[in-house]
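Read the figures in this text as sums done on the coordinates, not as results from a lab. These figures come from a predicted structure and were not determined experimentally. Note: ideal-geometry Cβ built from the backbone for every residue, glycine included; neighbour counts use all protein chains shown.
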Amino acid sequence: MTRTHSIKTGERRGLMFVLSSPSGAGKSTLSRMLIEKTPGMRMSVSVTTRAKRPGEVDGKHYHFIGKEEFDAMVKNRELLEHAAVFDHHYGTPRKPVEDALAAGEDVLFDIDWQGTQQLREKARDDVVSVFILPPSAEDLEQRLHTRAQDSESVIRGRMSRATHELSHWAEYDYVVVNSDLGTAFGEVETILRAERLKRERQTGLSAFVRALQDQLQR
């Protein structure tokens, strides 16, 4: 019987999978779908100085902390990235992400362009970034109103900020237009599958090929 050799489960370095978009374009919904339907992926739970919104759970949606504690984490280099958004501060704790990648797990990020830039500066080979675009400005505004989470003044601020956020689309590895949620999810899922198969992320691939060459030479 011919002896076979295969890549062991887990012999793959995880990746940081980033979804960014203007507020209301669908990145949070797509993120939830990925977590629900994708084995081997966990959500990065950010720290934030903003107050909890209705239905949010500390430690699940965010770690809600004070500004003093946030500043200490920045000073001690405990955050992979951090940014100020709408007068609040957000950041990604370093250790849980690094532990997950080393264990072959993928980490999903729902962050803006500022955070994406910082991740890329610190860990370019581990980052895969996707920018989600709305199909139109009218559609974006309608989605913000439909969410019923923000006041009219906040919605106007988000629409104004969207213009600036859109200017960073070309900095991303991939761009997906979310005109249909199911189609957009399929495209995002395809990107993830392809990136997982990249040669440099399959840490057990060299051993597999060497074993295969040995078998062929016998």
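Summary of values
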read-out	value
Convex hull volume per residue for the stretch 1-120, taking Cα atoms only, in Å³	133
Built amide H within the under 5 Å cut-off of THR203, gap 5+	ARG12, ARG13
Ratio Rg/Rh [Cα only; Rh per Kirkwood] for the chain	1.04
Table column - 3J(HN,Hα) (Hz), the stretch 67-82, Karplus curve with 6.51, -1.76, 1.60, x for Gly and Pro	4, 5, 5, 4, 4, 5, 5, 5, 4, 8, 6, 8, 10, 6, 7, 7
Nonlocal amide H pairs with VAL18, under 5 Å, H built at 1.01 Å	PHE109, VAL128, SER129, VAL130
Amide H partners (placed H, <5 Å) of VAL177, local residues excluded	LEU133
Tally of Lys pairs whose C-alpha atoms are under 19 Å apart, taken over the chain, 8 or more apart or cross-chain	11
Cα centroid separation - the stretch 51-128 against the stretch 15-33, whole Å	14
Rel. contact order, % - alpha carbon contacts under 8 angstrom, at least six apart, the chain	32
Listed residue (PRO39, GLN142, TYR172) projecting farthest to the positive dipole end of the chain, Cβ model	PRO39
